[in-house]
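Coordinate-derived values only; no laboratory data. This is a predicted model, so every value here is computed, not measured. Here the Cβ positions follow ideal geometry from the backbone for every residue, glycine too, while neighbour counts run over all protein chains shown.
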Amino acid sequence: MSGRFPHSRLWSLPGFSLIEAMVACAVLAIAVTGLAVSLAASHQNSTAADERGMMLQCARSLLEELAGKPFKSPNAVDAPGWKQGQPARVAYDDLFDYDGYTDLVPVENASVEFEIGKPKPGFKRAVVVQMRRDPATVTTNMGLANFAYVAVTITAPSGKTFTLPYWAARTDLRR
Amino acid sequence: MWTHPKHHFRRRGLSYPELCLGLAITAIVGAAIASFTFATAQAWRNTEAGISAETLTHVATARLNDIVHGARLLGACRGGSLDTPGLAPAGVLLWTRDSNGDGQIQTSEITLIGHDPVKKQLYIHTQPAPKIDITWSYAAFTLPTAIDSFAAKGNRQPIASHVDGAAMSVTFDPASADRPRLNYQLKTTVQGKVERFNGAVTMRAPVSPPT
């Protein structure tokens with residue numbers, strides 16, 4: 001075999017020049033970079049969509065709870081709300097008890113990324129309930145309030161924020 | 001005039017070690033490309049499935065919100081199950097409107113939101129107004145057996161597909177002033193990806209039960 005494929009002849013065949021190798025590497029690098037960028041963008045979009053969906057779900061669930069509360073406390077003695085030092089939502093008996101309420105919904109979905117070793121982040125929810133005499137006029141007098149502007153603001157672990165608004169009226173509108 | 005040198009056409013072919021080396025490198029590169037393509041395709045499929053499941057739950061949620069927000073009363077509710085297919089499927093009756101303004105519940109004014117575990121659908125079921133619309137008492141409207149008897153006739157329209165399991169419950173305390181709320185859980189499977197979704201929807205303007 002050594003006679004047929006002499007070592008010196010095999011390894012002395014002309015190979016690629018440095019320029020050719022560099023051009024090939026550059027072309028490969030450009031192709032791989034393009035592919036990687038598009039894949040990363042796709043992954044980011046998917047993660048962002050996932051996060052938006054979860055944000056909407058978290059905000060909506062709290063908003064639906066708020067929408068179920070009466071405008072005015074039905075009890076003789078109004079139960080204390082968040083600003084009166086009651087942190088438990090279950091004790092709230094009217095819409096305005098939620099004003100200022102904040103909580104943290106833990107991230108259950110593993111597809112929302114977080115840094116390993118750090119505390120598991122969550123979606124921060126914050127509620128604002130404003131008394132309005134009419135939709136445009138803010139009041140602090142409950143007796144004059146005919147409307148309530150409710151805003152549930154949610155902040156994702158990534159820092160993205162959005163607000164889900166809701167209007168409540170003192171008198172239910174019947175169909 | 002330039003001519004091809006004769007030796008130019010007599011270049012030797014690949015030697016055996018060269019061929020083996022070439023094949024080995026080609027196989028390694030091919031395997032790498034194949035695994036990369038497979039992983040990419042898999043990730044793409046997962047993303048697509050996730051987006052499909054999310055869209056599906058959003059559409060179902062929007063439809064449920066639309067129906068329940070505008071409803072007047074919640075009636076019979078059957079729990080159903082997310083993971084036990086043998087149980088009676090989830091369903092809830094709603095008095096959606098008072099078409100004739102008589103303040104009474106009639107068959108044509110009722111909507112059933114239910115789950116069909118065989119077709120894996122969440123559906124709404126209505127009965128068109130017959131010549132004489134039957135008036136329901138509130139007790140009959142809240143009776144669990146009313147779900148099946150109502151579902152026996154009428155039209156069914158799917159509002160979400162790929163729903164493997166559904167569970168529903170009603171939160172309503174007559175002693176409190178809180179509005180009734182429908183809590184629901186959906187389990188969807190799209191392209192093998194299982195998603196669970198918890199939602200709640202509160203009636204915006206409920207009325208008192210008719211007497």
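Assorted remarks:
- Lysine-lysine proximity count for the range B:56-202, Cα under 22 Å, sequence distance 8 or more or distinct chains: 7
- Model label zone, B:ALA129; criterion: amide N under 20 Å from point 7 Å along Cα-to-beta-carbon; scope the range B:144-181: B:153-156
- Once the Cβ-Cβ distance of B:ASP173 and B:SER99 is raised to the sixth power relative to R0 = 25 Å, the FRET efficiency obtained is 0.30.
- In the protein assembly as shown, the DSSP-assigned H stretches of four residues or longer account for a calculated mean residue ellipticity at 222 nm of -11000 deg cm²/dmol, using -39500 (n - 2.57) per stretch and the full residue count as denominator.
- Partner shielding of A:37-50 amounts to 2, given as the average count of beta-carbon atoms from other chains within 10 Å of each residue beta-carbon.
- Rounded, prolate or oblate (a/c below 1.5 giving rounded, otherwise prolate when a/b exceeds b/c) for the protein assembly as shown by Cα gyration tensor: prolate
- Once the Cβ-Cβ distance of B:ALA140 and A:ALA76 is raised to the sixth power relative to R0 = 41 Å, the FRET efficiency obtained is 0.70.
- Partner shielding of A:64-71 amounts to 6, given as the average count of beta-carbon atoms from other chains within 10 Å of each residue beta-carbon.
- Magnitude of the charge dipole for the range B:56-202, about its Cα centre and with charges confined to Cβ atoms of Lys, Arg (+1) and Asp, Glu (-1), is about 340 debye.
- Taking label points 7 Å from Cα along the Cα-to-Cβ direction, A:SER42 and B:ALA62 give a separation of 2.6 nm.
- Peptide ranges A:69-76, B:82-89 listed from the most packed, as the mean C-beta count within 10 angstrom indicates: A:69-76, B:82-89
- Calculated from backbone phi, Karplus (6.51, -1.76, 1.60) coupling profile of the range A:68-80 in Hz, x at Gly/Pro: x, 7, x, 5, 10, 4, x, 8, 4, 10, 5, 5, x
- Contour minus Cα-Cα distance for A:LEU104 and A:GLN84 (0.36 nm per residue): 5.2 nm
- Arranged from fewest to most other beta-carbon atoms within 10 Å of their beta carbon, A:CYS58, A:CYS25 become A:CYS25, A:CYS58.
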